[in-house]
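Everything below concerns the one structure shown next.
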Amino acid sequence: MKGILEKGKREIPAKIKVDCYAGYKTNQRPVTFSLGKKKMKVTDILDQWYGPDHTYFKVLAEDANIYIMRYREANDHWDVVFFKEGDYQGEISPGMEKDASS
């Protein structure tokens, strides 16, 4: 999965910019992330687990979609490795548009 994730018939970039909470360590957990020009808040961390070289976060974003993000601390790199479309009806960040089909 390089470069894009499919969302219905649209494609969204798989490379993301992530802003994290830094508590006892750097990039402890994601707080917001940007996919292209859309910045979204993480409303809930659903799960977190560790692989040999990565930390994974399963998050619910404010758009009601579920994302699994992978963080590699060695080179400070984030990827989206999974996406599941949701049905969010609440407020969205400035600049985000609700899908007209919702």
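For region 4-84, a Kirkwood radius taken over Cα pairs fed into Stokes-Einstein (25 °C, viscosity 0.890 mPa s) yields D = 192 µm²/s.
For residue 35, nonlocal amide neighbours, meaning residues 5 or more places apart or on other chains whose placed amide H falls under 5 Å from its own, are 40.
Gain on full extension, evaluated as 0.36 nm per residue between residue 32 and residue 82 minus their Cα-Cα distance, stands at 16.3 nm.
Values quoted throughout were computed directly from the atomic coordinates according to the rules given, and no laboratory measurement underlies them. This one's a predicted model, so the numbers in the text were calculated from it and none came from an experiment.
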